[in-house]
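A.B. asks: The structure follows.
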Amino acid sequence: MTPDKQEILAKQIEEQYTLFSQRPEVPGYITENLSHGMRDYQTAAIENLIFTQQNPKADEHFNHLLFHMATGSGKTLILASSILYMFKEHGYQNFLFFVNTDGIVKKTIDNLTNEKSPKYLFRKEGIIIDNRRIEIVLVDIFPSTPAPNTIYLKVSTIQKLHLDLTEPRENSMTYQSLEEMDIVLLADEAHHINASTRKKGKMTVAEAEAKTWEKTIERLLALRNKNRLLEYTATVTLTDDNIFNKYRSKIVFQYDLKKFMKDGYSKNVMLLRATENDDVKMLHAVLLSQYRKYIAKEYGIDIKPIILFKSNKVDISKKANERLLQMIRSMTSDTLENLIKKGIETYQNEKNIWGKAFRYFKTLDSNKIVFDLKFDFTETTTPNMNDSSQTSLLSEGNASLLNTLEEANNPVRAIFAVAKLNEGWDVLNLYDIVRISEGSSDTKKATDSEAQLIGRGARYYPFLYKDKVEDKRRFDDYPSPLKAIETLHYHTINDSAYLKSLEKSLREAQITVKEAEAEPVVAKLKTNFKNHHIYKHGKIYINRLVPTSITDYDNLSKYQVSTNFEVPLEVAVEQKIDKSLLEGSVSTTKEYQWKPEKRFIRKALQRNPFFHFRNLKNYVPSINSIREFIEKDSFLGQLTIYFILPSGIELTDLSPIEKLNAVESFLKYAEKKIRNNYMKERGTPVFEGVAFSKLIDDYYLEINKVNRGVSDVSEIKEPRSMRGKDWFVYDKAIVNQLEDDMIDFVQSYVEELKETYKNVFLIRNERSIKIVEIDGVRGFMPDFLLYLQDDEVTYQVFLEPKGGHLIEKDRWKQNFLEELNKRDIVQVLSENDNVRLIGIKFYSNSSEQKAAFRDDFKEKLLEGR
């Protein structure tokens, strides 16, 4: 594959996967050596990196790559994974990390080398690859003779790196020394080094300085063909033609903020428009912060919500800090009760966060609230981060305090600052940003800065709830007080010109912002349907789940692993014959059978951490020792490897290393199969009925006003009245645009369906009906059920609208639905034999896909009758 000139590299790679290229698998040595698991999109990012570096022309086409990923999406975890991959697979030992600020340098050193840091990215027990401990060593210069099993890491600001290279000193890095070694350049916040690309006219002093940095990096990359430059940033101005032309062949993965927020990996963002003075605004923010803390505690969640009070001048910030502390010190139960009373009067008819918070405080002991406020908000816990010499919050003096705000031993509850929440501040438990004494500055520069602030503050804070820690929002579609700890509130002024400018900035930054006023919408079952015999006596059929047992996995064949393994020619003889033989000149070959001796098997198992007993037991519960796994016929006791060798080479010609490599190839194949096929619970082909009334009931969704310029309008759910449509069981449908279109499609066939069936009901499935793939563990909840009855048979039809961008990812769901049509596979347990399950192809956006859905719908429900 070579880069196309018209679309970005990431899209080309996805097309390759769709057409004919196999998606590479992220090796176990990456996932097992990280401090926490990878999200799906992070896995996809590393897959794309692997795909490019496996290309024979990677030195030419893929030596410079960029990961374009949203703020908060875990770019540094991708960076850490990249280091492991480039070290293990391609032999790189020298990694040069650079960024534009000292604060991020210090944070990165902690993240990559300090095993005691709470944000250390690798496993605390140390990095183990091929049964060897790998050390990461910080250096100023790379050694001329590197030690084995060692990754050398130099971390620098781009400014210092440029100075060291252009004005070399004794014992410092030079261009000349770097000409002798392969290096991987790691550029964080990489948009800062594109001045010469971005700017073609007259430059400012800062831009001219950045231009020299860009040239420095280009020169470093060009020193050796094997050098690599991997960039990581959330900010790539692809609307700039110069930037686009530079990066379209380099963006190896793209995951923007809009998708990041839509996928639930951020907090929700809401604007709170305020007209109160600063004193009241600050007290309200403090109470709202306490409300979050109290609510979380009621659910057994320990959380320390942070407030950022932002001003535009240092003296205003300091005075506000002093004023808040003074008000809290002098607070009594009477003053608090008066504040709550006024809050209730103001928001008594509101169902937003203010109404909920003030009504909640009304039920509590005011003396207890005052005591907690005075304990939680003191000089120590509300630091003022302003200093005349500081330009950002993450200065050297503040870095330690601000980068550990989530930690239990960090006392901070509120921060007063003028400087922006800048690159490198990875706070997760920031829940309120409050503007203090700021006028209605509606300049684009001002609101752009605020949009950036909101975007960085929206990072999600994972918390333990019901014995699980999730890294995604859980309560978007459910009424729960815990929405309060999944939402960032931006307390702003109520000025139309300012808000209009802010909305434009948010739109450009792709930040989805909800208005504070949430409209609760209830879809109610129609009375006529609740009185219908189908609702009272009918059943919905879902498949039975059974736990897996040890006997389910007492043989490698249960994992779809064959112990007759053929080694590809190239692997078998890579050390014995010239590469040219592999390119077409091998005329005859012969097959040799080899049963590996135990020493080869044991050594290969030792070199793969997946097969270390403590881990393997999690996937192969029937074994009691590695010896049993090696010797038992049902596992590796009958392992046979078939070598396909060219004429002139015998089995005895293969070296022990080549034989060991063959066993390791088998184990890689077996590992993938074992991982993919081990399940704790699986779906069965047996479908049993559950009473309608147990699964189908009224349901509730909160519909928020959103920034439509940012949100994908097709994904916005809105209520649609279904009164007068006796075939739809709810009084309204709360659906997005695609779902609404599918309802229209069904409606266009209702009369024709009624000519064939005596009962026709379309049911919206709002997360209550789940089916699981047969002999698999993947489950899903079809969006709609079409329930049909004639005089003899009841038909349960599964309908699934699917956005075009999800069709390939969810193809297995359509395959599963189509399996349901095969009566020899599916068994329906009913009082009689007159229940049929029918799966219809996806309903999707394109005219071609809609036509396929229509044809399938008509054939199975109308023409085939």
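A.B. asks: Would you call Asn834 over 30 Å from the mean Cα position of the chain (by Cα) and either outside the structural domain of Phe745 (by TED's automatic domain parsing) or free of Cβ contacts under 8 Å to residues at least 60 places away in the same chain (or both)? First the steps, then the outcome.
C.D. replies: Values: over 30 Å from the mean Cα position of the chain (by Cα): yes; either outside the structural domain of Phe745 (by TED's automatic domain parsing) or free of Cβ contacts under 8 Å to residues at least 60 places away in the same chain (or both): yes.
In short, yes.
A.B. asks: Looking only at the stretch 497-506, which residues are surrounded by fewer than 20 Cβ atoms within 10 Å (Cβ to Cβ) and more than 14 Å from Leu453 (Cα to Cα)?
C.D. replies: Ala497, Leu499, Lys500, Lys504
A.B. asks: Given the criteria at pLDDT below 90 and within 30 Å of the chain's Cα centre (by Cα), does Leu701 qualify? Walk me through it before giving the result.
C.D. replies: Details: at pLDDT below 90: yes; within 30 Å of the chain's Cα centre (by Cα): yes.
Yes: the conditions hold for Leu701.
A.B. asks: Next up: Glu276 - would you say it is surrounded by fewer than 21 Cβ atoms within 10 Å (Cβ to Cβ), in the same structural domain as Leu430 (by TED's automatic domain parsing) and over 31 Å from the mean Cα position of the chain (by Cα)? Spell out the reasoning first.
C.D. replies: Numbers: surrounded by fewer than 21 Cβ atoms within 10 Å (Cβ to Cβ): yes; in the same structural domain as Leu430 (by TED's automatic domain parsing): yes; over 31 Å from the mean Cα position of the chain (by Cα): yes.
Yes; evaluated as a whole, the condition is true for this residue.
A.B. asks: Look through Ile743, Ile734 and report the one residue that is at pLDDT 90 or above and either within 26 Å of Glu859 (Cβ to Cβ) or surrounded by fewer than 17 Cβ atoms within 10 Å (Cβ to Cβ) (or both).
C.D. replies: Values: Ile734 fails: either within 26 Å of Glu859 (Cβ to Cβ) or surrounded by fewer than 17 Cβ atoms within 10 Å (Cβ to Cβ) (or both).
Of the residues listed, the single one that is at pLDDT 90 or above and either within 26 Å of Glu859 (Cβ to Cβ) or surrounded by fewer than 17 Cβ atoms within 10 Å (Cβ to Cβ) (or both) is Ile743.
A.B. asks: Also, I was wondering about something else. Kindly indicate whether Asn352 is assigned by TED's automatic domain parsing to the domain that holds Asp365, in contact (Cβ under 8 Å) with a residue 24 or more places away in the chain and touching a strand residue (DSSP E or B) at 6+ places or on another chain (Cβ under 6 Å). Even if it seems obvious, please write down each step before you answer.
C.D. replies: Details: assigned by TED's automatic domain parsing to the domain that holds Asp365: yes; in contact (Cβ under 8 Å) with a residue 24 or more places away in the chain: yes; touching a strand residue (DSSP E or B) at 6+ places or on another chain (Cβ under 6 Å): yes.
So Asn352 passes the test.
A.B. asks: Within the stretch 136-159, can you find the residues that are closer than 29 Å to Thr216 by Cα and loosely packed, with under 13 Cβ neighbours inside 10 Å?
C.D. replies: Kept after step one, since they are closer than 29 Å to Thr216 by Cα, are these residues of the stretch 136-159: 136-147, 150-159.
Those that are closer than 29 Å to Thr216 by Cα and loosely packed, with under 13 Cβ neighbours inside 10 Å: Leu138, Asp140, Ser144, Thr145, Ala147.
A.B. asks: If I filter the stretch 801-831 down to residues being of a type in the set (Lys, Arg) and surrounded by fewer than 16 Cβ atoms within 10 Å (Cβ to Cβ), which single residue comes out as nearest to the chain's Cα centre (by Cα)? Spell out the reasoning first.
C.D. replies: Of the residues in the stretch 801-831, the ones of a type in the set (Lys, Arg) are 802, 809, 811, 813, 822-823.
Next, only the ones that are surrounded by fewer than 16 Cβ atoms within 10 Å (Cβ to Cβ) stay: 809, 811, 822-823.
Values: Lys809: 15, Arg811: 20, Lys822: 36, Arg823: 38 Å.
Applying the filter and picking the extreme gives Lys809.
A.B. asks: Go through (1) at pLDDT below 95; (2) over 23 Å from His68 (Cβ atoms) one by one and return the number of the condition Phe142 breaks.
C.D. replies: (1)
A.B. asks: For the stretch 7-66, which positions are surrounded by fewer than 20 Cβ atoms within 10 Å (Cβ to Cβ) and either in contact with a His (Cβ under 7 Å, 6 or more places away or on another chain) or on the phi > 0 side of the Ramachandran plot (or both)?
C.D. replies: Across the stretch 7-66, the qualifying residue is only Asn55.
A.B. asks: Moving to a separate point now. Hey, can you tell me all the residues within the stretch 311-322 that are surrounded by 14 or more Cβ atoms within 10 Å (Cβ to Cβ) and either assigned to a loop (DSSP other than H, G, I, E, B) or not assigned by TED's automatic domain parsing to the domain that holds Val370 (or both)?
C.D. replies: If the condition is that a residue be surrounded by 14 or more Cβ atoms within 10 Å (Cβ to Cβ) and either assigned to a loop (DSSP other than H, G, I, E, B) or not assigned by TED's automatic domain parsing to the domain that holds Val370 (or both), then Ser311, Asn312 are the ones that fit.
A.B. asks: Here's another thing I want to ask about it. Where in the stretch 52-145 are there helices (runs of 4 or more DSSP H), lying wholly inside it, with at least 1 residues that are outside the structural domain of Asn409 (by TED's automatic domain parsing) and under 28 Å from Ser665 (Cβ atoms)? Please lay out each step first, then the result.
C.D. replies: Values: elements: 58-61, 75-90, 102-113.
Where helices (runs of 4 or more DSSP H) fall fully within the stretch 52-145 and carry at least 1 residues being outside the structural domain of Asn409 (by TED's automatic domain parsing) and under 28 Å from Ser665 (Cβ atoms), they are 58-61, 75-90.
A.B. asks: Considering only the stretch 613-713, give the helices (runs of 4 or more DSSP H) lying wholly within it that have at least 3 residues that are surrounded by 14 or more Cβ atoms within 10 Å (Cβ to Cβ) and in contact with a Leu (Cβ under 9 Å, 6 or more places away or on another chain). Give the steps one after another, and end with the answer.
C.D. replies: Details: elements: 613-619, 626-631, 656-677, 692-695.
So the answer is 626-631, 656-677.
A.B. asks: Considering only residues of the stretch 832-850 that are part of a loop (DSSP other than H, G, I, E, B) and surrounded by fewer than 19 Cβ atoms within 10 Å (Cβ to Cβ), which is modelled with the lowest pLDDT? Steps first, answer last, please.
C.D. replies: From the stretch 832-850, those part of a loop (DSSP other than H, G, I, E, B) are 832-834, 840-842, 844-846; that's our starting set.
Now drop any that are not surrounded by fewer than 19 Cβ atoms within 10 Å (Cβ to Cβ), which leaves 832-834, 845-846.
Working: Asn832: 61, Asp833: 65, Asn834: 87, Asn845: 88, Ser846: 88.
Of everything passing the filter in the stretch 832-850, Asn832 is modelled with the lowest pLDDT.
A.B. asks: Using the structure shown, decide if Gln814 is in a strand (DSSP E or B) and not charged (D, E, K, R). Working first, answer last.
C.D. replies: Values: in a strand (DSSP E or B): no; not charged (D, E, K, R): yes.
In short, no.
A.B. asks: State all residues of the stretch 276-308 that are within 15 Å of Asp376 (Cβ to Cβ) and part of a strand (DSSP E or B); if no residue qualifies, say none.
C.D. replies: Ile306, Ile307
A.B. asks: Between residues in the stretch 323-348 that are surrounded by 17 or more Cβ atoms within 10 Å (Cβ to Cβ) and residues that are assigned to a helix (DSSP H, G or I) and hydroxyl-bearing (Ser, Thr, Tyr), which pairs lie under 8 Å by C-beta distance while being six or more apart or on different chains?
C.D. replies: Leu336/Ser366; Ile340/Ser366
A.B. asks: Looking only at the stretch 40-97, which residues are among the small types (Gly, Ala, Ser) and modelled with pLDDT of 95 or more? Write out each step before concluding.
C.D. replies: Narrowing the stretch 40-97 to residues among the small types (Gly, Ala, Ser): 44-45, 58, 70, 72-74, 80-82, 91.
Selection gives Ala45, Ala58, Ala80, Ser81, Ser82, Gly91.
A.B. asks: Okay, moving on. If you check Asn386, Asn398, which single one turns out to be within 20 Å of Met282 (Cβ to Cβ), modelled with pLDDT under 95 and surrounded by 16 or more Cβ atoms within 10 Å (Cβ to Cβ)? Before the answer, list the steps.
C.D. replies: Working: Asn398 fails: within 20 Å of Met282 (Cβ to Cβ).
Only one candidate qualifies: Asn386.
A.B. asks: Within the stretch 257-275, track down each residue that is part of a loop (DSSP other than H, G, I, E, B) and in contact with a strand residue (DSSP E or B) (Cβ under 6 Å, 6 or more places away or on another chain). Full working, then the answer.
C.D. replies: Within the stretch 257-275, the subset part of a loop (DSSP other than H, G, I, E, B) is 263-265, 267, 275.
Once the filter is applied, which keeps residues that are part of a loop (DSSP other than H, G, I, E, B) and in contact with a strand residue (DSSP E or B) (Cβ under 6 Å, 6 or more places away or on another chain), the stretch 257-275 yields only Lys267.
Yes/no matrix, rows are residues, columns are (1) surrounded by fewer than 15 Cβ atoms within 10 Å (Cβ to Cβ); (2) free of Cβ contacts under 8 Å to residues at least 40 places away in the same chain:
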{"site": "Leu762", "(1), (2)": "no, yes"}
{"site": "Asn765", "(1), (2)": "no, yes"}
{"site": "Asp790", "(1), (2)": "yes, yes"}
{"site": "Arg854", "(1), (2)": "no, no"}
{"site": "Glu859", "(1), (2)": "yes, yes"}
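A.B. asks: Please identify the pairs in which a residue from the stretch 722-746 that is in the same structural domain as Asp783 (by TED's automatic domain parsing) has its Cβ atom under 7 Å from the Cβ atom of a residue that is among the polar types (S, T, N, Q), counting only partners at least 6 apart or on another chain.
C.D. replies: Asp726/Asn528; Lys732/Ser721; Asn736/Ser714; Gln737/Ser714; Leu738/Ser714; Leu738/Asn845
A.B. asks: For the stretch 478-496, state whether one or more residues are at pLDDT 75 or above, of a type in the set (D, E, K, R) and either part of a loop (DSSP other than H, G, I, E, B) or surrounded by fewer than 16 Cβ atoms within 10 Å (Cβ to Cβ) (or both).
C.D. replies: no
The values are calculated or read from the model by the stated rules, or taken from the named source; none is laboratory data. Everything quoted here is computed from the prediction, not taken from an experiment. Neighbour counts run over all protein chains shown; Cβ positions are idealised from the backbone, glycine included.
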